[in-house]
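Here's the structure we're looking at; comments come further down.
The values are calculated or read from the model by the stated rules, or taken from the named source; none is laboratory data. Because the structure is predicted, anything quoted here is derived from the model rather than measured. No Cβ is skipped: glycine too gets one built from the backbone with ideal geometry, and neighbour counts run over all protein chains shown.
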């Protein structure tokens, strides 16, 4: 993929400051809001059933994150999602810990059934769980294995009621029924900071709010996020995950066109009719 | 204003370590507690209806923040507020997102009606919303416009059931029916970190707990906070909002009398009978 | 105590990546998760009653933290605790603010009565409160006095229904009915960052999940945590509590065998029959 389109999307986010409404978990809410601010978007966190739809109607994108779930929050998500669908803004679902407990898996399916979800982002184990693939889930953390993220994304894009799927990990993949993008940008320190996956979902939502191409927009967002992780790792210089977390926010803020040009590494393949990857 | 009084209030906070009870949103709770600790106050976060009043009775100041509202929290705020009023400690209301949804605006009005609020702090859009001024609110973020913060504060001080009003933004203003203070200290990076407004409200509450002059105490608090932002920006040296957030906590901790002397910039005007500013 | 055993426990945590299930408060959830990740454990935060037991059954240790309590959370804690007891994994109770409100004290006693608690960690005032010792509690912050942490730990180990007690402060003490360990590692900046006590409880839980000796395991955890605080203070170099918070995460990540060898300072005494310390 050419870096120009991806960096143009970031520019648009910074110019338009899209309002990204997050109904998310209490662990990552602060980090997510700061990440969105750092990239140039406008975060709003509003969980109450009483205002979820009114807030979503003002937003440019909606993120539903199942991290610290409860019944009231599922209801708020459904209401906000319906409002977002009516308005036609992108809705990103982050099924944190799907597969780890029945409660979470059911909540994910309920939202996928009731709403028009634009994109689901999760790790390999979470996406496998909601797509009905065998998986080995432990807590909300995927067991560290070697996953073929592209195959999981393609399979899920065929079998999950969402327009596109993003699977993140050592490599990331974004697929719909036609294309699959592999994103090679990223850094292993992302796994040492809580909420980096959740923030990736919100970064995708911000990009989708200014993009008219779904998978390309999402892949660009993950490329940007991966470059930020690479820069953050360089700034961190081995000090540790505390510093990396702070430098990730700095990098999201500072990345420019030249960084995209020098570092973006995304490849695209076409999905054949059977759902497998084209050789 | 003379810097000596303002810096004396900070000293008193550091000596007396006032207990500031915050019923606040899940996004900023950690940052608020750390900011209060850094300045030398003692934070306590306790949201449950079952203990809100008992906790407020032990506190030296109470902060009610509408950031991530729900019905149980409104009830806890009302209970804590009544206990605080009985005890006679300052109660600061932060109407996050007032005007953005009916639910938030109504909650703000309910608390203003039922409680004796010492001071309301918000951005120009939020204060305009609760004062019934025309405003342009989008999410919980004020549209960035050129506001006359002094006029909004003066208008709200006449029309909102609270003893004083603080409007924060590029400049800050604190008004009651008699005086209006303009605070010129501050830094634009404050708008790149979530919860900096919420923390300002809690810093005001800490100052009010040791001050016997309301508007002067609140203006001193915002002067201190603005100086901290200026120092944090200098320490940050362009690295980005991640670093700024950390340096703001450091600056709140390190500011001393000399910083006040060199940097405090607050001016006071008298409000005339019609509510307009005296020329 | 010899540093080798303590550093071996940290190695085991890093190798086995125990899943530590935290039902904790919204103020410290992010910091706790990041601290556990930094040390090499796997955090999971799941508060809902509907999944608390299912999640606890997958965990290697459970932490129940009363920081921002409500009725639903107490119920979730009881469910998770029963599941943890059935599975036989360590359950650490952190009675934040016990003694400060009746609601918190009652919740602590309810959990102590209904569950088999492996260890309770609190500051001197909190542990005194649940053990029925006179105490001077103000908010959730212990009044700063000179405490004999060893005596409080020994008294509580006799009088509280838990297998062991940890009292943290300037010095830390860990006791059961037979032994009491004093941990001399630590740094005063810990009191300037919110959630450092809560994180200590989760670090203990991680160590207990890989240790077959209760008090020795807990003392090792606090020694490790104290060394991390000392290193963080050195890295911070007087910049302030913002930087210290970040450097504490870095230190948890970077500490190795040599740090234990050079800095661990733990002493053990035998408790005599009357419950007093052996001379």
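Would you call residue A:269 over 19 Å from the mean Cα position of the chain (by Cα), away from every other protein chain (no Cβ under 12 Å) and more than 19 Å from residue A:11 (Cβ to Cβ)? Steps first, answer last, please.
Numbers: over 19 Å from the mean Cα position of the chain (by Cα): yes; away from every other protein chain (no Cβ under 12 Å): yes; more than 19 Å from residue A:11 (Cβ to Cβ): yes.
Yes: the conditions hold for residue A:269.
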*Can you find a residue in the stretch C:150-169 that is in a helix (DSSP H, G or I), surrounded by fewer than 24 Cβ atoms within 10 Å (Cβ to Cβ) and in contact with a strand residue (DSSP E or B) (Cβ under 6 Å, 6 or more places away or on another chain)?*
yes
*In the stretch B:32-42, which residues are at the interface with another protein chain (Cβ under 7 Å from one of its Cβ atoms) and either outside any helix (DSSP H, G or I) or surrounded by fewer than 24 Cβ atoms within 10 Å (Cβ to Cβ) (or both)?*
B:37, B:42
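Among the residues of the stretch A:189-211, is any surrounded by fewer than 17 Cβ atoms within 10 Å (Cβ to Cβ) and away from chain C (no Cβ under 14 Å)?
Step one: of the stretch A:189-211, the residues surrounded by fewer than 17 Cβ atoms within 10 Å (Cβ to Cβ) are none.
Within the stretch A:189-211, not a single residue is surrounded by fewer than 17 Cβ atoms within 10 Å (Cβ to Cβ) and away from chain C (no Cβ under 14 Å).
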*Which numbered condition trips up residue C:4, out of (1) more than 13 Å from chain A (Cβ to nearest Cβ); (2) modelled with pLDDT of 95 or more; (3) crowded, with 23+ Cβ neighbours inside 10 Å?*
(3)
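Looking at residue A:17, is it at positive phi and either surrounded by fewer than 24 Cβ atoms within 10 Å (Cβ to Cβ) or within 19 Å of the chain's Cα centre (by Cα) (or both)? First the steps, then the outcome.
Numbers: at positive phi: yes; either surrounded by fewer than 24 Cβ atoms within 10 Å (Cβ to Cβ) or within 19 Å of the chain's Cα centre (by Cα) (or both): yes.
Yes: the conditions hold for residue A:17.
Could you please find all residues in the stretch A:60-81 being closer than 18 Å to residue A:20 by Cβ and in contact with a helix residue (DSSP H, G or I) (Cβ under 7 Å, 6 or more places away or on another chain)?
Taking the stretch A:60-81 as the starting set, the residues that turn out to be closer than 18 Å to residue A:20 by Cβ are A:60-67, A:73, A:76-77, A:79-81.
Once the filter is applied, which keeps residues that are closer than 18 Å to residue A:20 by Cβ and in contact with a helix residue (DSSP H, G or I) (Cβ under 7 Å, 6 or more places away or on another chain), the stretch A:60-81 yields A:61, A:62, A:63, A:64, A:65, A:66, A:67, A:76, A:77, A:79, A:80, A:81.
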*Restricting attention to the stretch A:43-59, and to residues there that are over 11 Å from residue A:22 (Cα atoms) and more than 7 Å from chain B (Cβ to nearest Cβ), which single residue is surrounded by the fewest Cβ atoms within 10 Å (Cβ to Cβ)?*
A:57
*Consider only pairs whose beta carbons are under 6 Å apart and that are at least six residues apart or on different chains; among these, list those whose first residue lies in the stretch A:247-263 and is within 12 Å of chain B (Cβ to nearest Cβ) and whose second residue is part of a loop (DSSP other than H, G, I, E, B) and modelled with pLDDT of 95 or more.*
A:250/B:239; A:250/B:240; A:253/B:240; A:254/B:240
*When residue A:257 is evaluated against the numbered criteria (1) within 16 Å of residue A:5 (Cβ to Cβ); (2) touching a strand residue (DSSP E or B) at 6+ places or on another chain (Cβ under 9 Å), which criterion, by number, is the only one it fails?*
(2)
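Mind listing whichever residues of the stretch C:1-24 are in contact with a helix residue (DSSP H, G or I) (Cβ under 7 Å, 6 or more places away or on another chain) and outside any helix (DSSP H, G or I)? Outline the logic, then answer.
Of the residues in the stretch C:1-24, the ones in contact with a helix residue (DSSP H, G or I) (Cβ under 7 Å, 6 or more places away or on another chain) are C:1, C:3, C:5-7, C:9-10, C:12-13, C:16, C:18-24.
Residues satisfying the conditions are C:1, C:18, C:19, C:20, C:21, C:22, C:23, C:24.
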*Tell me, please, whether a residue that is in contact (Cβ under 8 Å) with a residue 40 or more places away in the chain, surrounded by fewer than 22 Cβ atoms within 10 Å (Cβ to Cβ), within 14 Å of chain C (Cβ to nearest Cβ) and on the phi < 0 side of the Ramachandran plot can be found in the stretch A:225-235.*
yes
*Looking at this structure, is residue C:29 over 14 Å from the mean Cα position of the chain (by Cα), at the interface with chain A (Cβ under 7 Å from one of its Cβ atoms) and without any contact (Cβ under 8 Å) to a residue 24 or more places away in the chain?*
yes
_Failed item in (1) within 13 Å of residue C:121 (Cβ to Cβ); (2) surrounded by fewer than 23 Cβ atoms within 10 Å (Cβ to Cβ); (3) within 13 Å of another protein chain (Cβ to nearest Cβ), with residue C:214 passing the rest_ = (3)
_Condition check: more than 14 Å from chain C (Cβ to nearest Cβ), under 16 Å from the mean Cα position of the chain (by Cα) and at pLDDT 95 or above. Does residue B:62 satisfy that?_
no
*If you scan the stretch C:170-183, which residues turn out to be in contact with a strand residue (DSSP E or B) (Cβ under 7 Å, 6 or more places away or on another chain) and closer than 30 Å to residue B:246 by Cα?*
C:171, C:172, C:183
